[in-house]
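Structure first, commentary second.
The values are calculated or read from the model by the stated rules, or taken from the named source; none is laboratory data. In this text, all values refer to a predicted model and were calculated from it rather than measured experimentally. Cβ placement follows ideal geometry from the backbone for every residue including glycine, while neighbour counts extend to all protein chains displayed. The area values use the complete protein model at the heavy-atom level, side chains included, leaving out ligands, DNA and RNA. Shrake-Rupley method; radii C 1.70, N 1.55, O 1.52, S 1.80 Å.
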Amino acid sequence: MTLTYRTAVLMVMPVLLAWATPSVAQHEQHDHAQATHRPAPPHPGEAHPGPKGYSRVTEPHGWNARPTNLDRGAYQHNFQAARSFHIGPYVRPHGWAAHRWAYGQTLPRAYFASSYLISDYWLFALEVPPAGYEWVRDDTDALLVNTDSGEILQVEYGVFA
């Protein structure tokens, strides 16, 4: 049996038409749907009740028993932290550039805002600060700073990831 070109086209044409017809119809329906579609107003969101069964980590015994005698030699170090903690984004004070601090330098007062003070220092494996000193976050580092003079007594590099 020999097929002519015309016979082959006539046999294939109904198959092609049947295949193409639904997609054309769907395309026309889709275009019509887009023309009449209006975006829904933004959803206001619903209140989140917060975590269930969560209790804040309690402070360890003696967490705020700050040493009154200061042995500066015991503190004057620039350590690499043994662990890193992920606690959220860091935004340095307006107008300040990145800086790698070291003990003996003076930290500007802009870093003494509450958003930089590390009050839960025990959560980050930091030592109890001596009286008159506080831990301050600068980017990934924790700095032990004299609250009167701004002098850095100790640095822990890489505490925050």
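Of the accessible area of the range 71-161, computed with a 1.4 Å probe over protein heavy atoms only, carbon and sulfur atoms account for 52 percent. Sorting the segments 136-149, 78-91, 101-114 by their residues' average number of neighbouring beta-carbon atoms within 10 angstrom, most packed first, yields 136-149, 101-114, 78-91. Between Ser149 and Ser84, the modelled label-to-label distance comes to 3.3 nm, taking each label 7 Å out from Cα in the direction of the beta carbon.
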